[in-house]
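**Q** One structure is given below, represented as structure tokens, and several questions about it will come after.
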Amino acid sequence: MLFVLFPLTGCGILILGGAAAGTVGYVSGDLNGTVEGEFQNVVEAADLAFRENSFREASRDAGQHSIAYELWTPQDDKVLLTITRASKTLTNITIRVGVFGDEPLSRNILDEIKIRVK
């Protein structure tokens, strides 16, 4: 039994060790992604993506290492988006569309931000 557990433990460590920039997961209506880029650059990219895609900003709550947005799409879908500094060069983004989530739209929003990160 111990022989089987060691290989599984090693694989788990490899999988976790490989999780970094570019990782994306969709759980319970929330899309969670890690973007390679400094926090401020990701915030600027998000602001640009929102403007260029005609999102209306309802509220913004900014701190030193995180910012939370409440937005509305042109189709009147509510979007809650949080950007949080993970490290000097990695930034986490969480997106929820509507009450139950919308994975395709959430992924599209994340992609729109990623292509604008400098």
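The values are calculated or read from the model by the stated rules, or taken from the named source; none is laboratory data. No experiment lies behind these values; they were computed from the predicted model shown. Virtual Cβ from ideal backbone geometry, glycine too; neighbours counted across all protein chains shown. Please note that ligands, DNA and RNA were not included when accessible areas were found on the heavy atoms of the full protein model with its side chains. Shrake-Rupley method; radii C 1.70, N 1.55, O 1.52, S 1.80 Å.
**Q** Which one of these is open to solvent by less than 40 Å² (accessible area, probe 1.4 Å), modelled with pLDDT under 95 and assigned to a helix (DSSP H, G or I): GLY17, GLY10?
**A** One residue alone meets the criteria, GLY10.
**Q** Ok, one more. Going by what's in this entry, would THR23 be described as modelled with pLDDT of 95 or more and open to solvent by less than 60 Å² (accessible area, probe 1.4 Å)?
**A** So THR23 fails the test.
**Q** Take the conditions in contact with a His (Cβ under 9 Å, 6 or more places away or on another chain) and surrounded by 13 or more Cβ atoms within 10 Å (Cβ to Cβ) and apply them to THR84. Does it pass?
**A** The answer is yes for THR84.
**Q** Hey, another quick one. Would you point out which residue out of GLU52, GLU38 is of a type outside the set (S, T, N, Q), surrounded by fewer than 13 Cβ atoms within 10 Å (Cβ to Cβ) and at pLDDT 95 or above?
**A** From the options GLU52, GLU38, the qualifying one is GLU52.
**Q** Say we look at the stretch 74-105 and pick out the residues that are of a type in the set (S, T, N, Q) and more than 9 Å from the chain's Cα centre (by Cα); which of these is nearest to GLY37 (Cα to Cα)?
**A** Checking each candidate, the answer is THR89.
**Q** Same structure, new question: Quick check on the stretch 57-65. Is at least one of its residues in contact with a helix residue (DSSP H, G or I) (Cβ under 6 Å, 6 or more places away or on another chain), part of a strand (DSSP E or B), at pLDDT 95 or above and polar (S, T, N, Q)?
**A** No, that holds for no residue.
For (1) free of Cβ contacts under 8 Å to residues at least 24 places away in the same chain; (2) open to solvent by 70 Å² or more (accessible area, probe 1.4 Å); (3) under 17 Å from GLY22 (Cα atoms), each residue gets a yes or a no:
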| site | (1), (2), (3) |
| --- | --- |
| ASP47 | yes, no, no |
| ARG56 | yes, yes, no |
| ASP61 | yes, yes, no |
| GLN64 | yes, yes, no |
| LEU71 | yes, no, no |
| ASP77 | no, no, no |
| PHE100 | no, yes, no |
| ASP111 | yes, yes, yes |
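**Q** Okay, next question. Of everything in the stretch 24-41, what is over 14 Å from ILE95 (Cα atoms) and among the hydrophobic types (A, V, I, L, M, F, W, C)? Give them in sequence order.
**A** Once the filter is applied, which keeps residues that are over 14 Å from ILE95 (Cα atoms) and among the hydrophobic types (A, V, I, L, M, F, W, C), the stretch 24-41 yields only PHE39.
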